[in-house]
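Remarks on the structure that follows.
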Amino acid sequence: MELGGKSCLIIFDDADLDKAVEWVMFGAFWTNGQICSSTSRILIHERVADTFYSKLRSRAQSINIGDPLQPGCRMGPVVSASQYDRVRTYVQVGQDDGATLLTGGRRPPNCPKGYYMEPTVFVNVKPHMRIWKEEIFGPVLSVGTFSSESEAVQLANDSEFGLAGAVISADLERCKRVAEALECGIVWVNCSQPCFCQAPWGGNKSSGFGRELGEWGLENFLSVKQVTEYVSPNIWDWYSPQSKL
């Protein structure tokens, strides 16, 4: 049973920031943010945060929003009026809680009708804020900073959810350490969201239990039976009289 998440993507200061921004965009805004594994929490190393923010804002503002049946569209509407209202509420909550709205948070000027929301990015988001903790299920990205590997892992794991996570770094040994330390069922290294039907899918904590897909998914349709055979030629003899010796 898979129950959603609030997945975190960690970006270290040795990462290629242009490539990182592309994966951040895809991880948070693919399907308009309406995906259970969305990496909607970003942790960026404090040394490169300002450069990252500039690049992210520019790319987020460049997304082509509109009718998804039209060529070139890369973001359509959210699914319903109620979900649109939910996303708008969280945008206001983020501002009320003190996060900085980097870009978005409003209806696109070219979409006067429908449930459209610009790609929305908050920075200076703190762990106690609702937009950091709660699953929004819309095109809203929350970004915080870290100063060390151990702090990044602690912040990423400080969540009731545990579906997915990601790490971006030029140091593959570091990526391996972080991937092993993240408390989730799916980890992406130097990417976000690639899915394969041969690989197990599912999470930990409030994100559910069990796995779908691959041979692991088949286990949900099987019933395990234990069969024990006694092979010794000797009688079991558990209840023999006690020895007189």
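The values are calculated or read from the model by the stated rules, or taken from the named source; none is laboratory data. Computed from a prediction, not measured in an experiment: that's the story for all the values here. Counting neighbours? That spans all protein chains shown, and the Cβs are built from the backbone with ideal geometry, glycine included. Side chains included, ligands, DNA and RNA excluded: accessible areas come from the protein's heavy atoms. Shrake-Rupley method; radii C 1.70, N 1.55, O 1.52, S 1.80 Å.
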Worksheet item: Using beta carbons and a limit of 6 Å, which pairs, at least six apart or on different chains, have the first residue in the stretch 8-35 and closer than 18 Å to residue 119 by Cα and the second one part of a helix (DSSP H, G or I) and open to solvent by less than 60 Å² (accessible area, probe 1.4 Å)?
Response: 8/156; 9/27; 21/56
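Return the residue satisfying two criteria in turn: it lies in the stretch 57-71 and is touching a residue at least 24 places away in the same chain (Cβ under 8 Å) and open to solvent by less than 70 Å² (accessible area, probe 1.4 Å), and of such residues it is nearest to residue 102 (Cα to Cα). First the steps, then the outcome.
Let us first name the residues in the stretch 57-71 that are touching a residue at least 24 places away in the same chain (Cβ under 8 Å), namely 57, 59-61, 63, 65-66.
Now narrow it down to the ones that are open to solvent by less than 70 Å² (accessible area, probe 1.4 Å): 60, 63, 65-66.
Values: 60: 10, 63: 15, 65: 18, 66: 21 Å.
Restricting to residues being touching a residue at least 24 places away in the same chain (Cβ under 8 Å) and open to solvent by less than 70 Å² (accessible area, probe 1.4 Å), the top hit is 60.
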Discussion item. Tell me whether the stretch 220-242 contains one or more residues that are open to solvent by less than 80 Å² (accessible area, probe 1.4 Å) and polar (S, T, N, Q).
Written reply: yes
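On the given criteria, is residue 86 surrounded by 14 or more Cβ atoms within 10 Å (Cβ to Cβ), within 26 Å of residue 54 (Cβ to Cβ) and among the basic types (Lys, Arg)?
When the stated conditions are applied, residue 86 does not pass them.
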Worksheet entry | From the options 38, 54, residue that is within 23 Å of the chain's Cα centre (by Cα) and either in contact (Cβ under 8 Å) with a residue 24 or more places away in the chain or open to solvent by 70 Å² or more (accessible area, probe 1.4 Å) (or both) | 38
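Could you check the stretch 60-108 and list, in sequence order, the residues that are of a type in the set (A, V, I, L, M, F, W, C) and in a loop (DSSP other than H, G, I, E, B)?
Just the residues of the stretch 60-108 that are of a type in the set (A, V, I, L, M, F, W, C), to begin with: 60, 63, 65, 69, 73, 75, 78-79, 81, 87, 91, 93, 99, 101-102.
The answer is 63, 69, 73, 78, 79, 99.
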Practice prompt. Check residue 176 against each of (1) surrounded by fewer than 23 Cβ atoms within 10 Å (Cβ to Cβ); (2) closer than 19 Å to residue 28 by Cα and name the one condition it does not meet.
Written response: (2)
Worksheet, complete the sentence: With criteria (1) touching a residue at least 60 places away in the same chain (Cβ under 8 Å); (2) open to solvent by 30 Å² or more (accessible area, probe 1.4 Å), residue 5 comes up short on (2)
